[in-house]
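Each remark here refers to the structure printed beneath this line.
The values are calculated or read from the model by the stated rules, or taken from the named source; none is laboratory data. It should be emphasised that the depicted structure is a prediction, and the values quoted were computed from it without experimental measurement. Glycine gets a Cβ as well: all are built from the backbone with ideal geometry, and neighbour counts include every protein chain shown. With ligands, DNA and RNA removed, areas are computed over all heavy atoms of the protein, side chains included. Shrake-Rupley method; radii C 1.70, N 1.55, O 1.52, S 1.80 Å.
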Amino acid sequence: GSWQVVESHHLEKSYAFEDFATALAFTNRVGELAESLNHHPDFELGWGRVKLTIWSHDAKGLTESDFIWAAKADALL
């Protein structure tokens, strides 16, 4: 799937994985990215799936940095 703009406020994407361990490993890599950029998504983690939601809290919506962050998260696959 691709990133979706939701209500002109945030970006959201769901990823599918083979199992829980692979989904968790991706979640941990995204967590390290978030810490390095000081820009943190909401995570939804389940068996074989991860959903990320990101927006700029200070701006109360989307900024260019959110789209850059999304591309960096995709690169961690």
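Remarks
- Residue check, Phe17 surrounded by 13 or more Cβ atoms within 10 Å (Cβ to Cβ) and in contact with a helix residue (DSSP H, G or I) (Cβ under 8 Å, 6 or more places away or on another chain): yes
- Residue count for region 45-55, restricted to those that are in contact with a strand residue (DSSP E or B) (Cβ under 9 Å, 6 or more places away or on another chain), assigned to a strand (DSSP E or B) and open to solvent by less than 90 Å² (accessible area, probe 1.4 Å): 6
- For first residues located in region 51-77 and without any contact (Cβ under 8 Å) to a residue 24 or more places away in the chain, partners that are of a type outside the set (Lys, Arg) and in a loop (DSSP other than H, G, I, E, B) and lie 6+ apart or on another chain with Cβ distances below 6 Å form the pairs Ser56/Thr63.
- Scanning region 31-44 for residues that are open to solvent by less than 60 Å² (accessible area, probe 1.4 Å) and within 17 Å of Gln4 (Cβ to Cβ) yields a single hit, Pro41.
- Number of positions in region 1-44 that are of a type in the set (Phe, Trp, Tyr) and assigned to a helix (DSSP H, G or I): 2
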